[in-house]
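Shown next, in structure tokens, is the structure this report addresses.
Every number here is computed from the coordinates shown, using simple stated rules; none is lab data. Computed from a prediction, not measured in an experiment: that's the story for all the values here. Reconstructed Cβ throughout: ideal geometry from the backbone, glycine too, with neighbour counts over all protein chains shown.
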Amino acid sequence: AQSVTQLGSHVSVSEGALVLLRCNYSSSVPPYLFWYVQYPNQGLQLLLKYTSAATLVKGINGFEAEFKKSETSFHLTKPSAHMSDAAEYFCAVRSSFGNEKLTFGTGTRLTIIP
Amino acid sequence: GAVVSQHPSRVICKSGTSVKIECRSLDFQATTMFWYRQFPKQSLMLMATSNEGSKATYEQGVEKDKFLINHASLTLSTLTVTSAHPEDSSFYICSASTVNTGELFFGEGSRLTVL
């Protein structure tokens, strides 16, 4: 079985500060890992994904994440927060072996302080 | 990227009625579609996996007769909430998987309110 754990249901950072959203995964097979962003009353938008290629993955809106197998982590970062980054962020895991089902973490609400 | 559209985006209905939500892949064919339910300030919970031309596979604890899923074509899946009750009020999101790459794309979600 696969699972992801997002540490911190709420994260607040000042505008211009580093954003760090934590995600740890558990998987018995090589995982595919994803970060999605959700704005209020909207669906999910893919930020980035790890599919066993480069361990440092760059996504949209200046976000990136690093896959660390030794730490079973896939933390999301952005060097400088912008007000428009305020949203809910979900980490998700999927088996790399043809199973398309995603398992989501509980989400982290990011608040940007002006 | 590919577009997945859900309709309606918001629906309010009376208790006891049935509501149908459509999920369409607008510019690609989707062999597999997924239906999720999201409670306020919570994560997405997978309800069922829908494959074109076959019966949906429901997750444990999801009532098949309550949440009817039909995937009649490669571009359309529908979720019908039958005999809706206030506890069925939720945000329902679909996603579709492309035939070629298996990449998932999400719809905008449909908010159901049952009075």
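I need the shape label for the protein assembly as shown. Rule: rounded when a/c is under 1.5, else prolate if a/b > b/c, else oblate, with a, b, c from the alpha carbon gyration tensor.
Numbers: a/c = 1.94, a/b = 1.44, b/c = 1.35.
Prolate, because a/c is 1.5 or more and a/b exceeds b/c.
Determine the sum of side-chain charges near residue A:74: Lys and Arg each +1, Asp and Glu each -1, restricted to other residues whose C-beta is under 15 angstrom from that of residue A:74. Intermediate results must be reported in sequence, preceding the final value.
On the way: positive: A:22, A:49, A:58, A:68, A:69, A:78, A:94; negative: A:64, A:66, A:71.
Net local charge, residue A:74 excluded: +4.
Going by a ≥ b ≥ c, the root eigenvalues of the Cα gyration tensor, does chain B fall in the rounded group (a/c under 1.5), the prolate group (a/b larger than b/c) or the oblate group?
Values: a/c = 1.79, a/b = 1.58, b/c = 1.13.
Prolate, since a/c reaches 1.5 and a/b exceeds b/c.
Using a 7 Å offset from the Cα along the Cα-to-Cβ direction at both residue B:82 and residue A:20, what is the distance between the two label points in nm, to one decimal?
In this crude spin-label approximation the distance works out to 5.2 nm.
On average, how many beta carbons from a partner chain sit within 10 Å of the beta carbon of a residue in A:44-51? Present the calculation step by step, with values, prior to reporting the outcome.
Working: counts 11, 3, 5, 0, 0, 2, 0, 1.
Mean number of neighbouring Cβ atoms from other chains: 3.
Modelling each spin label as a point 7 Å along the Cα-to-Cβ direction, I'd like the residue B:115/residue A:1 distance in nm, to one decimal.
Here the modelled spin labels are 4.1 nm apart.
Under a straight-distance cross-link criterion of Cα-Cα below 12 Å, which aspartates and glutamates are reachable from residue B:41, leaving out those fewer than 8 residues away in the same chain?
A:88
How many Cβ atoms of partner chains, on average, are near each residue of B:103-112 if near means within 10 Å of its Cβ? Before the final figure, lay out the partial values.
Values: counts 4, 10, 4, 8, 3, 4, 5, 1, 1, 0.
Counting Cβ atoms of other protein chains within 10 Å of each residue's Cβ and averaging gives 4.
Pick out, from A:105, A:55, A:39, the residue whose Cα sits farthest towards the positive end of the charge dipole of the stretch A:30-110, with +1 on the Cβ of Lys and Arg and -1 on the Cβ of Asp and Glu.
Working it through, the farthest residue towards the positive pole turns out to be A:55.
Which order do B:13, A:91 fall in if you start with the one that has the fewest other Cβ atoms within 10 Å? Spell out each step's value before the answer.
Values: B:13 16, A:91 29.
So the ranking, lowest neighbour count to highest, is B:13, A:91.
Hey, fewest Cβ within 10 Å first, where do A:75, A:10 land in order? Present the calculation step by step, with values, prior to reporting the outcome.
Numbers: A:75 19, A:10 9.
If I rank by nearby Cβ atoms, fewest first, I get A:10, A:75.
Give me the percent relative contact order of chain A, please, defined on Cα pairs under 8 angstrom at least 6 residues apart.
37
Quick one: of A:101/B:64; A:101/B:14; A:49/B:64, which pairs are farther than 28 Å apart, Cα to Cα? Before the final figure, lay out the partial values.
Values: A:101/B:64 19 Å; A:101/B:14 33 Å; A:49/B:64 32 Å.
Among A:101/B:64; A:101/B:14; A:49/B:64, the Cα-Cα distance tops 28 Å for A:101/B:14; A:49/B:64.
Would you mind giving the mean number of other chain beta-carbons within 10 Å of the Cβ of each residue in B:39-46, as a whole number? Intermediate values should be presented prior to the final figure.
On the way: counts 0, 0, 5, 5, 11, 12, 2, 4.
The per-residue average across the peptide is 5.
Once you measure Cβ to Cβ distances between cysteines in the protein assembly as shown, which Cys have no partner under 4.7 Å?
B:13
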